[in-house]
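*Asks:* I have a structure I would like to understand better, so I am pasting it below and will then ask my questions one at a time.
Just so you know, all these numbers are worked out from the coordinates, no wet-lab data involved. Keep in mind the model is a prediction, meaning the values are calculated, not measured. Note that each Cβ is placed from the backbone with ideal geometry, even for glycine, and that neighbours are counted across all protein chains shown.
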Amino acid sequence: MKNVLLLVHDDEGQEARLQAALDLTRALGGHLRCVDVTPLIVVAGGMYVGIGQGAVLVDERESEARNKERLTARLAKEDVPWDWIDVTGEFASCLLKEASLADVVVLNRQLDQFPLPDMRMVTSQVLMHARVPVLAVPQTLERFNIGRAVLAWDGRACCIATMRASAPLLALADEVEVLTIHDGSIEAAPADAARYLSRHGVDTTIRSINDRLHPIETIIEEECARFRADYLVMGAYGRGRLMETFGGVTKRLLTRSKYPLLLGH
């Protein structure tokens, strides 16, 4: 888990993404790749659409050039190796082109104060197609701490794949809890997860909750609070994309979770 991919764009979530990426790269002894995306924005209008699009693109490029100048000066003072690429296009498509050789992608779960860019959609698209974990952080995040992690375990394929990919990070934690919520969907015992992680040097505790009355995401968030978790590891969109589209656990956590989410599909 050495190659950390970061979306760079001058928006409300950038500072949280950057700080999380720096903390993550530093903890893992990895390398940070910054992908600075200048989006193509469609401007509606009559015969002057082309001119309007061109003017907006120029403004975006100038804004990102100023952003790049600020951030590269800052990165030069950080104690992590990094490189930078500039691309133009749709956010998710640009990230997917670079994600094939990444071990984790750092994004936001959603931008709360301003709806654009639609980070929940970008994160969902990258999750569905990149096949690498995504660290989706709240825009208010100040530091990404690695001391305490909760692994939400249901034994499904996406959960197992996420655990395996996250093992190098979990090995750095002080405490890891394997959380199982008995709602009839468990496909492998939490003891199997604990056994696997123990062979990667991860000491875990297992907590099982029997609750079919409350929403799963509510139970997860309450347990993260009780455990004083720094982040949550979870398989994403594990019950079918169609079900998730209409209000699944992944979508609701991306909308409002207080915790950094390390998600995989």
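*Asks:* Considering amide H positions built from the backbone, and no H for Pro or chain starts, which residues 5 or more places from residue 111, or on another chain, come under 5 Å of its amide H?
*Replies:* Those qualifying (amide H under 5 Å, at least 5 residues apart or on another chain) are 119, 120.
*Asks:* Another question about this same structure. Give me the lysines in straight-line cross-link reach of residue 68: C-alpha distance below 20 Å, same-chain residues under 8 apart excluded.
*Replies:* Within the straight-line cut-off, residue 68 pairs with 77.
*Asks:* Using the count of nearby Cβ atoms within 10 Å as a rough guide to exposure, how do 196, 259, 231 rank from fewest to most?
*Replies:* Starting with the residue having the fewest Cβ neighbours, the order is 196, 259, 231.
*Asks:* Give me 31, 200, 9 sorted ascending by neighbouring Cβ count inside 10 Å, so fewest comes first.
*Replies:* Values: 31 16, 200 13, 9 21.
Fewest to most other Cβ atoms nearby, the residues stand as 200, 31, 9.
*Asks:* Here's another thing I want to ask about it. Dividing the convex hull volume of the Cα atoms of the chain by its residue count, what figure in Å³ per residue is obtained?
*Replies:* 126
*Asks:* Mind jotting down the three principal axis lengths of the range 3-137 based on Cα atoms? Whole angstrom, largest first.
*Replies:* 53, 33, 29
*Asks:* May I ask you to derive the relative contact order of the chain, considering only C-alpha pairs under 8 Å and at least 6 residues apart, and to give it as an integer percent?
*Replies:* 21
*Asks:* For residue 251, which lysines qualify as cross-link partners when the Cα separation must be under 26 Å and same-chain residues fewer than eight apart are set aside?
*Replies:* 97
*Asks:* Taking the Cβ of each residue in 154, 103 as the centre, tally the other Cβ atoms inside 10 Å and list the residues starting with the fewest.
*Replies:* Listing 154, 103 from fewest to most nearby Cβ atoms yields 103, 154.
*Asks:* Moving on. At a threshold of 8 angstrom on Cα-Cα distance, excluding pairs fewer than six apart, so keeping six or more, what relative contact order does the range 92-158 reach in percent?
*Replies:* 35
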